[in-house]
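These notes concern the structure reproduced below.
The values are calculated or read from the model by the stated rules, or taken from the named source; none is laboratory data. Because the structure is a prediction, the values reported are computed rather than measured. Neighbour counts are summed over all protein chains in view; Cβ atoms, including those assigned to glycine, are modelled from backbone coordinates with ideal geometry.
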Amino acid sequence: MAKFEVVEQQGLKMIKASIMNETIRAESGALHYMLGNIELEVQMPSAKGFLKSMVTQENVFKPTYKGTGEIFFGPPIFGEYHMLQLNGDAWILDKGAYVCSDGTVEIGAHRNKAIAGLLGGEGFFQTKAEGTGTCVIQAWGPIQTIDLQNQRLTVDGSFAVARQASLNFSVKRATKGLLGSAASGEGLVNVIEGTGRVYIAPVPNIYNNLVNSVRSAFPTSSS
């Protein structure tokens, strides 16, 4: 298997992937630079692949890198990377969370229930990763691990970066009545139930807060 690690320079983070006669896959446009005898290949997807791209709003092209050397994926972010270890299981990823993975990890699409997709903010389809190997995901803040044992996790907002596919995802009112939901200030919430693992990132990285503060201090003029 390839070796994935996070490298940091001046507070910015990238992913370094070391391969030795191996193959890895990455999000289109994620390549920063690479060293060594490595071949970059982009295969034309099937009609089914194009359909998956349309429904997930993810890029249909997932280039593969074959050979021996080191590959750096970016562009660098202020957020956090996480190494998701797959052992024959499947995970549902938030939009834009996928970065790169071992070639043995298949990237596809997962269909949410109609009402959950319409109201939950996650969309009708999300990216699905399954197989065996490492899958690198990214988030805009530190990732917290929550292990559910026939339990319910209620999330206000799209903070769930990844969840095991065995878990049930739905959207519900924060309170039983419409008046109660309005009075509490909480309308609809995302609910994840069952037994399995969830990764959430409820707090943005301090660097992102700094960037947003700078942007607010120097607003761009509208033309």
Filter region 89-106 for residues that are in a loop (DSSP other than H, G, I, E, B) and not β-branched (Val, Ile, Thr); the one that is nearest to residue 17 (Cα to Cα) is 103
Q.
residue 145 - would you say it is modelled with pLDDT of 90 or more and closer than 29 Å to residue 90 by Cβ?
A. yes
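Here is a yes/no grid of residues against (1) modelled with pLDDT under 95; (2) in a loop (DSSP other than H, G, I, E, B); (3) closer than 30 Å to residue 11 by Cα; (4) among the β-branched types (Val, Ile, Thr):
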| position | (1), (2), (3), (4) |
| --- | --- |
| 53 | yes, no, no, no |
| 68 | no, no, yes, yes |
| 72 | no, no, yes, no |
| 83 | no, no, yes, no |
| 87 | no, no, no, no |
| 117 | yes, no, no, no |
| 136 | no, no, yes, yes |
Handout entry: Residue match in region 95-108 (condition: at pLDDT below 90, on the phi > 0 side of the Ramachandran plot, of a type outside the set (D, E, K, R) and over 14 Å from the mean Cα position of the chain (by Cα))
Key = no
Those residues of region 123-134 which are under 14 Å from the mean Cα position of the chain (by Cα), crowded, with 19+ Cβ neighbours inside 10 Å and either modelled with pLDDT of 85 or more or under 19 Å from residue 156 (Cβ atoms) (or both) amount to 126, 127, 128, 129, 134
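So that you can scan it fast, the table gives a plain yes or no per residue for (1) out of contact with any Ser or Thr (no Cβ under 9 Å at 6 or more places or on another chain); (2) more than 23 Å from residue 86 (Cα to Cα):
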residue	(1), (2)
2	no, no
7	yes, no
15	yes, no
20	no, no
25	no, no
28	yes, no
34	yes, yes
37	no, yes
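Name the single residue, out of those in region 37-51 being assigned to a strand (DSSP E or B) and surrounded by 13 or more Cβ atoms within 10 Å (Cβ to Cβ), that is modelled with the lowest pLDDT. Write out each step before concluding.
To start, the set of residues in region 37-51 that are assigned to a strand (DSSP E or B) comprises 37-41.
Applying the additional criterion that residues be surrounded by 13 or more Cβ atoms within 10 Å (Cβ to Cβ) yields 38, 40.
Details: 38: 98, 40: 94.
Once the filter is applied, the top-ranked residue is 40.
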